[in-house]
Amino acid sequence: MTMQIADSVSLSPSEAKARAHAAAARDNLRTEPRAVRIVIIALAMIFLSVFVVLPLVVVFAQALSKGFLAYLSALADPEALSAIRLTLLVAAISVGLNLVFGLVASWAITKFEFPGKTFLITLIDLPFSVSPVISGLVFVLLFGAQGYFGGWLRDHDIQILFAVPGIALATTFVTFPFVARALIPLMQEQGTQEEEAAISLGASGLQTFFRVTLPNIKWGVLYGVLLCNARAMGEFGAVSVVSGHIRGETNTMPLLVEILYNEYQFVAAFAIASLLAMLALITLIAKTVLERHLDEGQDGNDH
């Protein structure tokens with residue numbers, strides 16, 4: 001209080017007036033008229049209701065339109081169970097690979113300086129700018145019957161396309177930025193002081209990583225894995241190109257939804273879609289919780 005009085009006394013009338021005008025301008029920017037606030041909030045709520053809430057409601061309503069028993073019967077169909085198992089398998093493979101890549105890439109980018117660092121960051125963002133269909137076609141050109149490695153794979157009786165390996169490769173390519181992109185900003189903000197202190201005390205590189213770095217980024221790792229898993233389970237374009245659509249063998253859940261819908265099996269199609277919708281809701285809730293933990297960790301580092 002004494003400091004504020006001293007500041008006001010030391011200011012000239014013109015300076016005090018200018019400061020008062022600046023404060024009033026900031027207040028005007030932060031407080032819109034009540035009518036404007038109501039209109040903005042209403043538009044946001046209408047947009048979310050039409051494009052987010054309503055589709056989810058329609059999915060579950062259509063899935064349960066013929067009763068809960070029909071819903072369970074559609075999910076218990078052998079073709080549906082095969083698609084669910086394949087989706088979970090491909091997601092587990094792609095998330096595992098991307099977790100390792102994300103940790104290694106983020107560690108290298110944030111802790112070391114080396115030639116080609118900017119190029120590596122650009123490559124990590126490549127799947128964000130390339131259509132998933134194009135990425136699927138790339139694997140067809142590489143491993144297809146007329147592709148670069150097609151002849152060698154055929155001679156050695158190795159099946160990549162229209163099988164689990166091709167689906168896993170396409171999904172891994174589409175999803176590999178998520179873990180790295182979640183970790184790089186977090187690790188850059190934390191700096192290298194703790195790692196340098198651990199190494200100066202005699203810790204090895206692995207000890208430093210598992211005892212210092214990993215505990216500090218655990219929520220970021222979970223956040224990246226969560227987003228990667230959600231994208232892997234919902235991927236359609238790249239998987240559609242390399243799967244071959246072999247029913248009961250290479251159809252993931254999104255592909256099966258399209259097939260069932262085109263065959264007018266609406267209850268079965270929306271039943272599978274409801275599983276993907278529930279995954280989206282679970283992902284949203286978990287994402288909110290993890291973001292809260294990340295914000296708390298950043299506030300702790302600031303203090």
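The values are calculated or read from the model by the stated rules, or taken from the named source; none is laboratory data. A quick note: this is a predicted structure, and the numbers were derived from the prediction, not measured. Here the Cβ positions follow ideal geometry from the backbone for every residue, glycine too, while neighbour counts run over all protein chains shown. Only protein heavy atoms, including side chains, enter the accessible area calculation; ligands, DNA and RNA are left aside. Shrake-Rupley method; radii C 1.70, N 1.55, O 1.52, S 1.80 Å.
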Task: the chain - charge dipole about Cα centre, Lys and Arg +1 at Cβ, Asp and Glu -1, debye rounded to 20 - done: 500 debye
Open item on the list: Please list, by residue number, everything in the range 210-244 whose backbone N is under 12 Å from a paramagnetic label point 7 Å out along Cα→Cβ of residue 148.
Closed with: none
Task: Dipole of the chain [Lys/Arg +1, Asp/Glu -1 at C-beta], most positive-end residue of 253, 170, 225 - done: 253
Task: Spherically averaged projected area in nm², based on the convex hull that wraps the Cα atoms of the range 138-265 - done: 11.4 nm²
TODO: Starting from the Cα of residue 293, step 7 Å along the direction of its Cβ; do the same at residue 85; then give the gap between the two resulting points in nm.
DONE: 3.2 nm
TODO: Towards the positive end of the charge dipole of the chain, with charges on Cβ (+1 Lys, Arg; -1 Asp, Glu), say which of 205, 92, 147 has the farthest Cα.
DONE: 92
Task: Label-to-label distance, nm, for residues given as residue 121 and residue 137 (7 Å Cα→Cβ offset) - done: 3.1 nm
Task: Cβ crowding within 10 Å averaged over residues, with 197-209, 180-192 ranked highest first - done: 180-192, 197-209
Task: residue 40/residue 201 FRET efficiency (R0 45 Å; Cβ-Cβ; nearest 0.05) - done: 0.25
Task: Shape metrics for the range 52-174, restricted to C-alpha atoms - Rg then Dmax, Å - done: 20.0, 61
- [ ] From largest accessible area down, sort 152, 219; use a 1.4 Å probe on the protein chains.
- [x] 152, 219
Task: Sequence of 128, 143 when ordered by accessible area, the most exposed leading, probe 1.4 angstrom - done: 128, 143
- [ ] Return an integer: the convex hull volume of the alpha-carbon atoms of the range 237-299, in Å³ per residue.
- [x] 104 Å³
TODO: Could you order peptides 101-110, 267-276 by the average number of other Cβ atoms within 10 Å of their residues, highest first?
DONE: 267-276, 101-110
TODO: Please name whichever of 240, 78, 64 sits farthest to the positive end of the charge dipole of the chain, dipole taken about the Cα centre and charges placed at Cβ: Lys and Arg +1, Asp and Glu -1.
DONE: 64
TODO: Using only the alpha carbons, work out the radius of gyration and Dmax of the range 178-222 in angstrom.
DONE: 10.8, 34
Task: All-pairs Cα distance distribution in the chain, expressed in whole percent, bin size 10 Å - done: 5, 18, 23, 21, 17, 9, 4, 3, 0
Task: the chain: relative contact order as a whole-number percent, Cα under 8 Å and 6+ apart - done: 28 percent
- [ ] Could you work out how far helix 78-111 tilts from the main Cα principal axis of the chain, as a 0 to 90 degree angle to the nearest 10?
- [x] 40 degrees
Open item on the list: Give me the percent of accessible area attributable to carbon and sulfur for the chain, probe 1.4 angstrom.
Closed with: 68 percent
TODO: Select from 98, 229, 262 the residue whose mean-square fluctuation is largest in a Gaussian network model of the chain (Cα-Cα springs shorter than 10 Å).
DONE: 262
